[in-house]
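Heads up: the structure comes next, in structure tokens.
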Amino acid sequence: MPLALLALAIGAFGIGTTEFVIMGLLPEIAGDYGVSIPTAGLLVTGYALGVVIGAPLMTVLGTRTSRKTMLMLLMGLFVVGNLLSAFAPSFPVMLAGRIVTSLAHGAFFGIGAVVAADLVASDKKAGAIATMFTGLTIANIVGVPLGTFIGQAVGWRTTFVVVASLGVLGLLGIAKLVPAAPRPEGAHLRGELTAFRNPQVLLAMAMTVLGFGGVFAAITYIAPMMTHVAGYSEGAVTWLLVLFGIGMFLGNLLGGKYADRKLMPMLYTTLGGLAVTLGLFTLTAHNKILAAVTILLVGALGFATVPPLQKRVLDQAHGAPTLASAVNIGAFNLGNALSAWLGGIVISAGLGYTAPNWVGAALAAAALALAFWSAALERRAPAGARRSRAADQKA
């Protein structure tokens, strides 16, 4: 494994920690600023929207610089945003700090995925992308619980200082370990935008929104589902989320490994399995043991889609993958926001705390249908176009 992948994984660990740790610290932050919990929840919403907007924006701004330099600048922005959050004198400033931090998120993973794929042979690209995303999955196992503990024991501001220090470590690692490559020849905004003319790129992004959105339809409401339906105590929810993080870690590794062998069959398997598992979650949620096992499976099947979906976008975007890769990261967050909204609608309609699982199952099933459609379109493509794409992917 190239050491440069370790530097990217460290950056991903810091980003994953700062994205999710806020959920465990909302009561402390709300209390300090004298705002309600729903108002404090804007720190989560603002971050997600910042990722969706920042992914293409920061990538476009970076088209005139090398990918290594851009990754370093994004880590610097990440550090600034977390320090602004740590020392924010008021809630609006805190929100601004979260948005500044989020601007680095999508572009870092998007550009990082391209860099990771370029570091290895063509038959190991999905595995390299998965290695970078391992940092994000480990953040949910270690970084988020530890950051929550520090925030509750010492103060939430300390958590963000620690996360900023992770950003500094990631920046130094990128500077030292990621090879300096010149800006790709012909790389410009117009060229990057041409990738979006390819229906396969748009289909892959739609699969990202729907497939990973299915995961967050259930996980967003995991606390009330586990306490009111499964019968867990509130304190047990933290460890159930750690279990979800372990599933993400395992799924990410499996997704990267098998996507390099058979990408589309891997997507069929994971999306189909995710749809079935989420549908069954409406039943297993009534039993503590079965609920815990299902949470692990949802994390594993959900994150097993990430490396193949990201590689699918890179493959289909041909010679202009950077912007498409970053936008696809924003698509993950768009799916999160969409599914959380839909899950809230069915709960508000009186259908119960397990109803979001049906929403998630429907979204995953829709993503599976798009995967079959995408493969069918590819089979019908002219032979010359298929050979051209294959040559681009090997280059």
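Find out how many positive minus negative residues lie around Ala48, taking Lys and Arg as positive, Asp and Glu as negative, among other residues whose Cβ is under 14 Å from that of Ala48.
Taking every other residue near Ala48 into account, the sum is 0.
Tell me which label goes with the value of volume of the Cα convex hull per residue in Å³ computed from the coordinates here: (1) 130; (2) 122; (3) 155.
Read-out taken from this structure: (2).
How would you classify segment 1-181 from its alpha-carbon gyration tensor, with a ≥ b ≥ c the square roots of the eigenvalues: rounded for a/c under 1.5, else prolate if a/b is greater than b/c, otherwise oblate?
Note, shape of segment 1-181 comes out prolate.
Express in nm, to one decimal, how much length is gained between Ser165 and Val80 on full extension, taking 0.36 nm for each residue of separation and deducting their alpha carbon distance.
29.6 nm
Pop a pseudo-label 7 angstrom from the Cα along the beta-carbon direction at both Thr39 and Leu172 and give the gap in nm to one decimal.
Modelled inter-label distance: 4.0 nm.
Express in nm, to one decimal, how much length is gained between His286 and Val93 on full extension, taking 0.36 nm for each residue of separation and deducting their alpha carbon distance.
Working it through step by step, the gained length comes to 65.3 nm.
Sorted by accessible area (1.4 Å probe), largest first, how do Ile10, Ile53 line up?
Working: Ile10 45, Ile53 105 Å².
Largest accessible area first, the list is Ile53, Ile10.
If a/c stays under 1.5 just call it rounded; otherwise compare a/b with b/c (prolate if a/b is bigger, oblate if not). Do that for segment 192-382, with a ≥ b ≥ c from the square roots of the Cα gyration tensor eigenvalues.
Taking the square roots of the gyration eigenvalues as a ≥ b ≥ c, segment 192-382 is prolate.
At 7 Å along Cα-to-Cβ for each site, give me the label-to-label distance between Arg379 and Val229 in nm.
3.6 nm
How far apart, in nm, are the 7 Å Cα→Cβ label points at Val142 and Lys257?
2.0 nm
Helix-derived [θ] at 222 nm for the chain: sum -39500 (n - 2.57) over DSSP H runs of at least 4, divide by residue count, nearest 500?
-27000 deg cm²/dmol
Full-extension gain between Ser348 and Leu57, please, as 0.36 nm times their residue separation minus the C-alpha to C-alpha distance.
101.3 nm
Given a 10 angstrom Cα cut-off, can you work out which residue in Val293, Val154, Val21 is the most mobile in a GNM of the chain?
Val154
Output the peptides 64-70, 78-84 sorted from most to least packed, where packing is the average of other Cβ atoms within 10 Å over each peptide's residues.
Numbers: 64-70: 17.0, 78-84: 22.7.
Order by mean packing, descending: 78-84, 64-70.
The values are calculated or read from the model by the stated rules, or taken from the named source; none is laboratory data. Quantities reported herein were computed from a predicted structural model and do not represent experimental measurements. Positions of Cβ are backbone-derived with ideal geometry, glycine not excepted, and every protein chain shown enters the neighbour counts. For the accessible areas, the whole protein counts, side chains as well, though only heavy atoms, and no ligand, DNA or RNA atoms are used. Shrake-Rupley method; radii C 1.70, N 1.55, O 1.52, S 1.80 Å.
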